[in-house]
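Derivation of every value follows stated rules applied to the coordinates shown; laboratory data play no part. Quantities reported herein were computed from a predicted structural model and do not represent experimental measurements. Cβ atoms come from the backbone with ideal geometry, glycine included; neighbour counts cover every protein chain shown.
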Amino acid sequence: MQGLRHFSICSALFALFFIPLNAEAQKISSKEALSCTDSSKCAYFFDLYAADKPLRQQLDKIFKTAGIKMPRWVGKGVSSPVTPLLIAKQPYLLSSVCEPHNCGHSVSMLYSPAQKRIVARYKTDDASARWLGAPNSTEQQLISEYETADSPLQKILDSQTKRPIVID
């Protein structure tokens, strides 16, 4: 019984000291995210969110402009790898994040680090979605295709590990 108790205490201490270190975001800059060439090694949204202050500011701004408080889970939610894109020869980052244990709440976004501009689509449980940041029709199409499993963009993303993806 003593051995079991000692094991439980040691396990708890191990978790207390080491799990937070592993759970911390890597803090990958936009420049680093844009330079990712292998999809299996690209940063995740929460890594970028932790490092890129302009992205955080712009994301907060587009939520406020829409009259919505940005959800607290955005910076630490379940996210996809950031996908570098070249759209008309301009670099962009495409990603999404959803609320942990509730991916009915999600944000899919397209970010231009050079312009410090972000556009997004915010979905909630009631299946409603709102465009944030005034995306143009091309940006809306890209984000919509990114959210759709069998779309032309998803087929490219699934078949091509080499990054950036070039969109003309």
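Brief remarks follow.
- Residues whose placed amide H lies under 5 Å from that of Cys103, excluding near-sequence neighbours: none
- Rounded to whole Hz, the Karplus (6.51, -1.76, 1.60) HN-Hα couplings of segment 66-73, x for glycine and proline: 7, x, 10, 6, 5, x, 5, 6
- Gyration tensor (alpha-carbon) shape descriptor, segment 26-167, a/c threshold 1.5: rounded
- Residue-averaged 222 nm ellipticity for the chain, from DSSP H runs of 4+ at -39500 (n - 2.57), nearest 500: -12000 deg cm²/dmol
- Distance (nanometres) between label positions extended 7 Å along Cα→Cβ at Ser151 and Thr65: 2.0
- In terms of packing, defined here as the mean over residues of other Cβ atoms within 10 angstrom, the peptides 92-104, 57-69 line up highest first as 92-104, 57-69.
- Nearest-ten-degree value, helix 53-65 long axis tilted from longest Cα axis of the chain: 70
- In this calculation the C-beta distance from Ala134 to His101 is compared with R0 = 22 Å, giving a FRET efficiency of 0.10.
- In order through segment 31-43: 3J(HN,Hα) via Karplus (6.51 cos²θ - 1.76 cosθ + 1.60), integer Hz, x for Gly, Pro: 4, 5, 5, 5, 8, 5, 10, 10, 4, 6, 10, 6, 5
- In this label model, Ser29 and Thr124 are separated by 3.8 nm, measuring between points 7 Å along each Cα→Cβ vector.
- Fraction of antiparallel bridges per DSSP, the chain only, in percent to nearest 5: 90
- Legend: residue pairs Lys89/Lys123; Lys69/Lys155; Lys64/Lys162, Cα-Cα distance threshold 31 Å; pairs beyond threshold, Lys69/Lys155; Lys64/Lys162.
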